[in-house]
1. Report the local net charge at residue 32: Lys and Arg +1, Asp and Glu -1, summed over other residues whose C-beta lies under 15 Å from its C-beta.
2. Treating cross-link reach as a plain straight distance, find the lysines whose alpha-carbon is under 20 Å from the alpha-carbon of residue 163, omitting any fewer than eight places away in the same chain.
3. Pull up all non-local amide H partners of residue 48: gap of 5 or more, or a different chain, and H-to-H distance under 5 Å with H placed in the peptide plane.
4. Within 10 Å, count the other beta carbons around each residue, average over each peptide in 90-100, 9-19, 53-63, 144-154, and list them highest first.
5. Output ³J(HN,Hα) for region 42-58: one whole-Hz value per residue in order, computed from phi by the Karplus curve 6.51 cos²θ - 1.76 cosθ + 1.60 with θ = phi - 60°, and x for Gly and Pro.
6. What FRET efficiency, computed as 1/(1 + (r/R0)^6) with R0 = 41 Å and r the Cβ-Cβ distance, is obtained for residue 34 and residue 55, rounded to the nearest 0.05?
7. Taking every DSSP beta bridge that has both residues in region 6-189, what percent is antiparallel when rounded to the nearest 5?
8. Enumerate the calculated ³J(HN,Hα) couplings along region 28-41 in order (Karplus 6.51 cos²θ - 1.76 cosθ + 1.60, θ = phi - 60°), each rounded to whole Hz, writing x wherever the residue is Gly or Pro.
Amino acid sequence: MAPITTITSPSVPIMKDNIDTDQLIPKQFLKNILKVGYGQHLFFDWRYDKSGKPNPDFILNKPERQGAKILIAGDNFGCGSSREHAVWALKDYGFKAVIAGGFSDIFYMNSTKNGFLAITLPRDQREILAAAPADAKITVDLPSQEVRYDDHTFAFEIDPLWKHKFINGLDDIAITMQYEDQIEAYEAKIPQF
């Protein structure tokens, strides 16, 4: 997992509540077992019309919003099914963080285990961020636990263990491997049959 300390980027506001995992990545695109290739299908039903052409009215299709790494969303983001593919699609598209009013528990855990930062802020603070012009930069400062934009600074909470994992780029396997010597010593004591 790549370490995350500070993300400074333009943002994409999609301030809808209850954006579920089927809206993030529809079921017909879940056939791939790799963690890549999903970004092109992110928000598929909103990004494309029935003929498969880009919907010019949808914000991800706006030229001025290309390359944004921060998504600003409504409440209850990532609800619905437990598909990990939703996080894979957000990351593969290029997002590194989503700031919402709250997350389903499963989506939040999938985010943390895949190195994707899910931040909770109240609606009034998110509305300030969502109103930022397309070329404005928002900074997510994980060590300081702050989101900064213009003259605004918003504090957010994160479990210290997850913060440590993000800052150091550690997933569950990397943490386990920190105990490799102890694991090998234990295995050496097991009788061989």
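1. Numbers: positive: 27, 31, 35, 83, 91; negative: 84, 92.
Surrounding charge for residue 32 is +3.
2. 69, 91, 96, 113
3. 55
4. Details: 90-100: 21.5, 9-19: 19.0, 53-63: 12.5, 144-154: 15.1.
Packing order, densest peptide first, comes out as 90-100, 9-19, 144-154, 53-63.
5. 4, 6, 3, 5, 9, 7, 10, 7, 5, 8, x, 8, x, 7, x, 8, 7
6. Numbers: r = 27 Å, r/R0 = 0.65.
Working from the Cβ atoms, E equals 0.95.
7. Details: 12 of 25 bridges.
Expressed as a percentage, antiparallel bridges in region 6-189 total about 50.
8. 5, 10, 9, 7, 6, 9, 8, 8, 10, x, 8, x, 5, 9
Values in this text are rule-based calculations from the coordinates and carry no lab data. Please read all numbers here as calculations on a predicted model, not as lab measurements. We place every Cβ from the backbone using ideal geometry, glycine too, and count neighbours over all the protein chains shown.
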